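Just below is one structure, and these are the notes that go with it.
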Amino acid sequence: MFRSSYFLVALGLALISVTGSDTLQAQELVIVHTNDFHGHIQETKKYAGAARIAAEVKAIRQQNESVIFLDAGDAISGTPVSSMFEGEPIFEVMNTMGYDVGLLGNHEFDHGYRKIERFRDLVDHPLLTANAYGPDGALLGDAPYVILDVAGISVGVIGLVTQDAPIHFSPVGNEGLTFASPAERLTSLIPSIRPRVDVLILLAHIGHEEELALAERFQAIDVIIGGHSHTLVEQPVQVGRTAVAQAHHYGTHLGLIRVNRAPGAPSAPLQISGKLLKAKDLADPDPLVENLVSLFESKVEDEVDVKISETARDYSKIELQPILESILARAAGTELGFYNRRGIRDDLSVGPITARMIWNIEPFGNTLVRMRIKGKDLIVLLAQEPERHHSVPSIDPDREYHLATNSYIASHADLAFGDDIETVDTGLLIRDILIQHIKANGLE
Ligand SMILES: [Zn+2]
């Protein structure tokens with residue numbers, strides 16, 4: 001749990017001396033950042049893993065005086081170790097990585113909003129949100145923002161999640177939540193924070209395009225550390241005096257930004273430069289973090305590191321979509337299947353297929369649902385996925401269809417179409433269906 005000094009600062013009670021721009025002329029602020037880590041604590045061919053990120057951050061801290069390490073949300077949900085233990089191991093591992101500030105992304109709601117209290121207990125750094133409210137109207141994170149003294153540099157960090165968050169999580173366990181508009185919250189927060197800090201950072205789980213738009217509108221923000229769209233932003237995009245960064249996803253990269261002020265006028269604009277460090281270029285794993293990761297992984301590996309089939313080629317997420325749809329339709333005995341592409345969380349590489357890979361593709365624990373839906377509603381449902389890799393049969397608006405889908409799509413369709421559709425949840429885990437099917441038939 002993070003301690004009260006942050007709270008005092010967030011409440012505006014702490015006496016932080018505003019150091020003025022001189023500090024930034026003498027010494028630069030180094031921002032290290034991750035986003036959309038999605039439980040990938042283990043090193044793989046593509047992903048750095050927690051231990052190498054931790055070692056790199058440690059090295060950066062040794063070489064620089066003022067370092068702040070930030071995470072822009074969606075730390076959990078994406079791997080078996082996260083799914084099986086409801087995200088908890090990820091926050092425990094993050095404690096050993098030395099984060100200063102984290103953020104509630106939409107996936108932090110995957111186990112219901114009440115679970116967030118547990119995450120806040122577990123984790124040593126503040127989990128920010130300035131715009132996610134519980135049913136009682138209280139903010140769900142530790143604070144809307146913090147002001148930290150980073151070796152003499154006063155740094156403000158505001159945390160915001162996409163207002164569309166409810167579209168991206170299951171409504172079950174998340175009843176009665178509200179999400180305020182990021183722009184409205186910034187309008188009310190910035191005037192009181194900006195005068196007290198040398199550098200103002202927005203930790204945003206909103207998506208790159210919208211983050212660029214916020215930068216244009218809120219030039220009082222120096223740096224936006226983004227997330228949610230999993231965008232690989234090689235170098236921070238400079239929008240006026242605001243830099244907008246994002247470090248892809250899953251720990252493929254670590255973001256590094258340097259902020260200083262050119263000598264001369266104290267009002268001179270900040271100089272901001274940055275880049276992404278590739279997973280393979282990071283330091284050797286930190287042994288302490290590596291041990292903790294192994295400990296958690298050892299609890300799942302017997303179940304998931306089991307070969308179930310193999311593939312002679314790579315499959316991208318978009319290529320997996322029609323395969324998953326046809327497997328679901330077969331399992332449900334329906335004429336059609338529908339699987340949202342955003343719900344396919346990993347691709348498949350040539351070689352052996354293990355159960356872990358299927359967990360990584362479907363980490364959410366969604367179940368198979370049979371849906372009876374009118375053609376006109378089905379057309380609306382399918383229109384959510386405009387760029388499909390494969391052709392969709394033409395839908396007769398006046399006919400009724402039987403569709404197989406996942407519980408995430410079904411719960412949102414229930415809200416959207418009400419009594420117009422009929423859904424029956426089979427209770428069967430999609431992950432189990434996929435594993436059994438692929439074991440018996442491969443990807444056919
Ligand atoms: Zn997200």
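Values quoted throughout were computed directly from the atomic coordinates according to the rules given, and no laboratory measurement underlies them. Fair warning: this is a prediction, and the values are worked out from it, not measured in the lab. Here Cβ is always computed from backbone atoms with ideal geometry, including for glycine, and neighbour counts include all displayed protein chains.
Could you check what % of the DSSP bridge pairs in the chain are antiparallel, to the nearest 5?
Just about 65 percent of them are antiparallel.
Taking the beta-carbon count within 10 Å as an exposure proxy, list T231, T311 from fewest neighbours to most.
On the way: T231 20, T311 16.
Fewest-to-most Cβ neighbours within 10 Å comes out as T311, T231.
For the stretch 62-160, which trypsin sites (Lys or Arg not before Pro) are both in a DSSP coil and crowded by at most 16 other Cβ atoms within 10 Å?
Passing both the DSSP loop test and the Cβ count: R114.
Note down the magnitude of the dipole of the stretch 4-298 about its Cα centre, charges +1 on Lys and Arg C-beta and -1 on Asp and Glu C-beta and zero elsewhere, to the nearest 20 debye.
Numbers: 19 positive and 35 negative charges, 125 e Å.
Approximately 600 debye in magnitude.
Treat the count of other C-beta atoms within 10 Å as a stand-in for reagent exposure and order D142, D36 from fewest to most. Walk me through the numbers before you get to the answer.
On the way: D142 24, D36 28.
Going from least to most buried by this count: D142, D36.
I want the local charge near I193. Using Cβ-Cβ distances under 13 Å, sum +1 for each Lys or Arg and -1 for each Asp or Glu among the other residues.
Neighbour charge sum, excluding I193 itself: +1.
Once you have the Kirkwood Rh of the stretch 306-441 from its Cα pairs, apply Stokes-Einstein at 25 °C and 0.890 mPa s and quote D in µm²/s.
Values: Rh = 15.2 Å.
My calculation gives 161 µm²/s for D.
Run lengths n ≥ 4 of DSSP H only: what is the helix-derived mean residue ellipticity at 222 nm for the chain, with -39500 (n - 2.57) per run over all residues, to the nearest 500?
Dividing the helical sum by the residues of the chain leaves -9000 deg cm²/dmol.
Which of L148, H205, T23 sits closest to the plus end of the dipole of the chain, meaning its Cα is farthest towards the positive end, when Lys and Arg get +1 and Asp and Glu get -1 on the C-beta?
Of the options given, the answer is T23.
At 1.567 mPa s and 4 °C, plugging the Kirkwood radius over alpha-carbon pairs of the stretch 321-369 into Stokes-Einstein gives what diffusion coefficient in µm²/s?
For these conditions, the coefficient is 111 µm²/s.
If Rh is defined by the Kirkwood formula over all Cα pairs and Rg also comes from Cα, what ratio Rg/Rh do you get for the stretch 118-228? Let's see the in-between values first.
Working: Rg = 14.2 Å, Rh = 14.6 Å.
Checking Rg against Rh, the ratio lands at 0.97.
When the Debye formula is applied to the Cα atoms of the stretch 259-320, each taken as the same point scatterer, what base-10 log of I(q)/I(0) results at q = 0.14, 0.19, 0.21 Å⁻¹?
Evaluating at q = 0.14, 0.19, 0.21 Å⁻¹ gives log10 I(q)/I(0) of -0.82, -1.00, -1.02.
Given the C-alpha centroids of the stretch 43-111 and the stretch 395-424, what is the distance between them in whole angstrom?
37
Using only the alpha carbon atoms of the stretch 4-298, find the Kirkwood hydrodynamic radius as the inverse mean reciprocal pair distance, in angstroms to one decimal.
That comes to 18.9 Å for the stretch 4-298.
Can you pick out the pairs among K278/K317; K317/K439; K46/K374 whose Cα atoms lie more than 31 Å from each other?
K46/K374
When you count, for each residue, the other Cβ atoms within 10 Å and take the mean per peptide, how do 299-309, 51-61, 71-81 rank with the highest first?
Top of the packing list down: 71-81, 51-61, 299-309.
Say the dipole of the chain comes from +1 at the beta carbon of Lys and Arg and -1 at that of Asp and Glu; which of V123, G264, Y47 then lies farthest toward its positive end?
G264
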